Structure formats: structure tokens, C-alpha cells
């Protein structure tokens, strides 16, 4: 279920409490929730995921992304979460796509190679082409 984007970052569709325990057993140190609360009736509420993560000794941060797109503050928050993580990170949303797109933007803002980001995302089953122009701009330092 967890798709490997890099050596330290995984993306996933919506997780439940069982997946929090699985993440802890796999050495995940931080869970990033990229899903807005109440997006669908079947999603496990963020506060429940947060409580389970903290009980399992993991960090938790919510950086909700709607279908409206990505903001500079979201990219900055994700970059800070990745930079501050003391181990592997699991980011999730409904399908894992928004988490992957936000990861690619955050990594580009930190100077990562856009072609490598696209390849890593593709290897995990995701396509960053919807944000590729912005990834290229962020990686080059032009914003």
C-alpha cells in the first residue's frame, strides 16, 4: 500500500488506524496528512490518525491540499516537514497523488533534479506532469 518515492518518503492512499501501526512497524517516523477533513464520508478523521501516530511514537503534521491546487505555504510546509523528519515519512491523501505532487514541489524547492523526481514518482505509479512546469521553476530557483 505504501509506495516508495525515495529512500525516505512514501506516498499512500487514505490510511486507517491499522496502517498507522503498519507504518510504525516499517520505521516511519512522520505521517503527513494531505487530505482536507471531511473530503469524503469514508475517510478516517485526521485527529484519529494523529492520536494513533503519536501513541506509536511517530510525528504527525496536517498539510491539507484541496483539488484547487498548491500554494507556496503548502510547498514550504512540506519542505520543512521533510527536512525536519527524523526518519522515513509517509504522506497520504485520497489516492496518494496530491501527496506525491506536493512532495515533488517541496523537493524541487530544495534543489532536487526534476527529471529524477519525475522518474521516482513514475516508479511509484504516479505522474507529476500536472505540476512539472512548477517543479522545473522551483528547481531552477525561479518562482
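A few remarks follow.
- Annotation note: of 80, 119, the sole residue that is modelled with pLDDT of 95 or more, within 19 Å of residue 4 (Cα to Cα) and surrounded by fewer than 16 Cβ atoms within 10 Å (Cβ to Cβ) is 119.
- Taken as a whole, the structure places residue 15 among residues that are part of a loop (DSSP other than H, G, I, E, B), in contact with a strand residue (DSSP E or B) (Cβ under 7 Å, 6 or more places away or on another chain) and at pLDDT 95 or above.
- Condition met for residue 24 (closer than 14 Å to residue 90 by Cβ, at pLDDT 95 or above, crowded, with 17+ Cβ neighbours inside 10 Å and out of contact with any strand residue (DSSP E or B) (no Cβ under 8 Å at 6 or more places or on another chain)): yes
- Region 61-77, residues that are surrounded by fewer than 19 Cβ atoms within 10 Å (Cβ to Cβ) and part of a strand (DSSP E or B): 62
- Candidates in region 83-102 are the residues that are assigned to a helix (DSSP H, G or I) and touching a helix residue (DSSP H, G or I) at 6+ places or on another chain (Cβ under 6 Å); of these, the one that is surrounded by the most Cβ atoms within 10 Å (Cβ to Cβ) is 100.
The values are calculated or read from the model by the stated rules, or taken from the named source; none is laboratory data. Here the structure is a predicted model, which is why all the values come from computation and not from measurement. Please note: Cβ atoms are built from the backbone with ideal geometry, for glycine as well, and neighbour counts cover all protein chains shown.
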